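The values are calculated or read from the model by the stated rules, or taken from the named source; none is laboratory data. On a predicted model such as this, the values are computed, not experimentally measured, just so you know. All Cβ positions, glycine included, derive from the backbone under ideal geometry; neighbour counts span all protein chains shown.
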Number of protein chains: 2
Amino acid sequence: MNAPLPMDSVGIVTPQKARFAEPLALKGGATLPGFELAYETYGTLNAARSNAVLVCHALNAAHHVAGVYADEPENVGWWDNMVGPGKPLDTNRFFVVGVNNLGGCHGSTGPMSANPATGKQWGGDFPVVTVEDWVQAQARLADHLGIETFAAVMGGSLGAMQAMQWTLSFPDRIRHSLVIASTPKLSAQNIAFNEVARQAITTDPDFHGGHYYGHGVVPRTGLRLARMLGHITYLSDDAMMEKFGRTLRSGTLGFNFDIDFEIESYLRYQGDKFSTYFDANTYLRITKALDYFDPAAAFDGNLSKAMARAKAAFLVISFSSDWRFAPARSREIVRALLDNRRVVSYLEIDAPHGHDAFLMDDARYMNAVRAYFGNIDL
Amino acid sequence: MNAPLPMDSVGIVTPQKARFAEPLALKGGATLPGFELAYETYGTLNAARSNAVLVCHALNAAHHVAGVYADEPENVGWWDNMVGPGKPLDTNRFFVVGVNNLGGCHGSTGPMSANPATGKQWGGDFPVVTVEDWVQAQARLADHLGIETFAAVMGGSLGAMQAMQWTLSFPDRIRHSLVIASTPKLSAQNIAFNEVARQAITTDPDFHGGHYYGHGVVPRTGLRLARMLGHITYLSDDAMMEKFGRTLRSGTLGFNFDIDFEIESYLRYQGDKFSTYFDANTYLRITKALDYFDPAAAFDGNLSKAMARAKAAFLVISFSSDWRFAPARSREIVRALLDNRRVVSYLEIDAPHGHDAFLMDDARYMNAVRAYFGNIDL
């Protein structure tokens, strides 16, 4: 007999796949032939089909939002602290959908999938996909699941960009948008970090223009560097100092180029781990989706005009120590919504963890999300 | 006839070399056999030998602090706006010394030099050198030049660490220390960025454990990434946004992995340029010197105790938008000096440029340095 699962876990979950035969015209001009999306659901869609919540993922995550797999009891969903029975997004009340985005490497159609035109893996030929494209694909999944309107779409970071884009692409199909630790567009510095990560991957001799699958190699060195760099931007300077400080791994300086400091060990470990399971072509595309997201661009940079289409109510949350997408960036979103007299709640959490705070268990944060969902009528 | 040089330039300068036959015991335990230092001087050492100022360089610079070379009129010294006749560090009054540090790649003994034990280039066998080692070597140069006591030692960033270390290693040989845009020790985040840069270099297939000279290659890909990343940390988010914003290079998004944004173009250019002239082995060692600098380490982390040895007067300057070595880090130095009742002036400049502000022409900054030097008795 297995150990009982915690009371508030959704328990054992099973990923599913939906196939969409109709081609999808992408923002970049390419058309993707029929595609698949990997997804999971938790809870039960009610008779009125009014209780569905879509949870969108950021860079390093996918459709496995909550619960565990029967054959992988250690593989807990990435937002399991947020989603489950009695949790802030309560699966006793809501029907929650997690989906791996197009271009992903966790089951949805992406660079590792077969290109029907050639029968070979897409590799470097898989098109650049955008937040808008992801939302279009997610809408197909909603159709497939019989969901006309989401009670809410929710995400952190890049996931929150999707929650924002839903209110613009399908203003009548979303009632609430939860935008957490996000920004209406990347800054030059944000793009710069992404570009260094991309250059690390594309200049790796094992990259082969993205067609490395056929060469029996992966650009692991580049992907590892990209992840190490990304990781720095997810944590605050203070959180890093608190967690690692200048602690030496072996107590003394080595006077060589092995690991001296614990922070070096940590970063190398994170990079090594990530580079064994994530696909470099997907990483490239996700960073481009981040860079390209800018709903105000079509309105001469006027975010207020861009957000005029939105009809949803918003909960916007930022974290004080997040220097990747600082609170000021969230306030831009709030201001644009207020300019349009939209219903918006804004919470700025004084949290030390940096950008990754959106994944953590700050009680004020969790309670705010819980309260917000509690007030959503079904 | 050549165009006249600006009135306040030191004009045409000639680099020199000094050879030191006596071995140098390094902090790491290794002993460097006789070594050479490349240096330049501007102005005239007065009869009392009381007007010498040592200018220490940071990562991307060397002994060419001011003026131009006869055969390279475009090659202006890296701190030419600071050093010259009538400039803040006035060469009409002071005798200024610039020196390339040990382990460098601009003429001083370093990884590209011949290892006397083998007759081949040191490469990866060149020892890790520290700020303390640099100061020891600089003291030999001072002896060579007949300078018993420096009126001042001055630097920005890593250069400022040397100015600080001088007050600890040779408290009786330095009267004033100018510590600009610096820190008493790197934070975990600072080390993390350095570590990603080092990993980019050492995992480049052309690195060959640092012995790439013998393979006829250089780890250019890694060095280029290191420089791109470093460059991000030298600029503030605001300065990058001001200078590049989200401006597209060709007016439209490319939906591929070529350059979309101007900031990408700029970073690639900086990385490409740097990787053609800088030595990767030197880069590795300079980042280690940064990581290792921590005068308080020998005093249980108590900087006040560490600075008790210092006798010099200090000018400490920081820049508000410098997130690499933020003003709070400079204030730690000031506090430690005040705890010891040392003479210290502190200036926090409200400048938008980030860390690189120490190289720029902010009038308040320039005037403060000018005034400080003006008050130094000779």
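Residue-level analysis places A:Ile180 among those that are buried (at least 24 other Cβ atoms within 10 Å of the Cβ) and closer than 27 Å to A:Val369 by Cα. Summed over the range B:61-107, residues that are among the basic types (Lys, Arg) and under 19 Å from the mean Cα position of the chain (by Cα) total 0.
The number of residues in the range B:209-235 that are in contact with an Asp or Glu (Cβ under 6 Å, 6 or more places away or on another chain) and more than 10 Å from chain A (Cβ to nearest Cβ) comes to 4.
What tally of residues in the range A:175-208 results from selecting those that are part of a loop (DSSP other than H, G, I, E, B) and more than 7 Å from chain B (Cβ to nearest Cβ)?
The total comes to 8.
When you check A:Gly159 against the structure, is it touching a residue at least 24 places away in the same chain (Cβ under 8 Å) and on the phi > 0 side of the Ramachandran plot, yes or no?
Details: touching a residue at least 24 places away in the same chain (Cβ under 8 Å): yes; on the phi > 0 side of the Ramachandran plot: no.
When the stated conditions are applied, A:Gly159 does not pass them.
What are the residues in the range A:237-258 that are more than 25 Å from B:Leu223 (Cα to Cα) and more than 8 Å from chain B (Cβ to nearest Cβ), if any? Passing the criteria: A:Asp238, A:Ala239, A:Glu242, A:Thr247, A:Leu248, A:Arg249, A:Ser250, A:Gly251, A:Thr252. Filtered by the rule that a residue be among the aliphatic types (A, V, I, L, M) and assigned to a helix (DSSP H, G or I), the range A:132-155 gives A:Val135, A:Ala137, A:Ala139, A:Leu141, A:Ala142, A:Leu145.
Among the listed residues B:Gly159, B:Gly98, B:Gly110, B:Gly146, identify the single one that is within 21 Å of B:Val218 (Cβ to Cβ) and modelled with pLDDT of 95 or more. Let's see the steps before the verdict.
Numbers: B:Gly159 fails: within 21 Å of B:Val218 (Cβ to Cβ); B:Gly98 fails: within 21 Å of B:Val218 (Cβ to Cβ); B:Gly146 fails: within 21 Å of B:Val218 (Cβ to Cβ).
It is B:Gly110.
Residues of the range B:156-174 that are outside any helix (DSSP H, G or I), touching a Phe, Trp or Tyr at 6+ places or on another chain (Cβ under 9 Å) and closer than 19 Å to B:Leu303 by Cα: B:Ser157, B:Phe170. Residues in the range A:279-319 that are outside any helix (DSSP H, G or I) and among the hydroxyl-bearing types (Ser, Thr, Tyr): A:Ser318 alone. Check the range A:361-373 and report whether any residue there is out of contact with any Leu (no Cβ under 6 Å at 6 or more places or on another chain), closer than 24 Å to A:Ser50 by Cα and free of Cβ contacts under 8 Å to residues at least 24 places away in the same chain. There is at least one residue in the range A:361-373 that is out of contact with any Leu (no Cβ under 6 Å at 6 or more places or on another chain), closer than 24 Å to A:Ser50 by Cα and free of Cβ contacts under 8 Å to residues at least 24 places away in the same chain. Look at the range A:286-303: where a residue is within 9 Å of another protein chain (Cβ to nearest Cβ) and a partner is part of a helix (DSSP H, G or I) and buried (at least 21 other Cβ atoms within 10 Å of the Cβ), sitting 6+ places away or on another chain with Cβ atoms under 7 Å, you get A:Asp291/A:Ile191; A:Asp291/A:Asn194. Entry remark, the range A:320-347: residues being among the basic types (Lys, Arg), buried (at least 19 other Cβ atoms within 10 Å of the Cβ) and in a helix (DSSP H, G or I) number 1 in total. Scanning the range A:25-49 for residues being surrounded by fewer than 19 Cβ atoms within 10 Å (Cβ to Cβ) and either in a strand (DSSP E or B) or of a type in the set (Lys, Arg) (or both) gives a total of 5.
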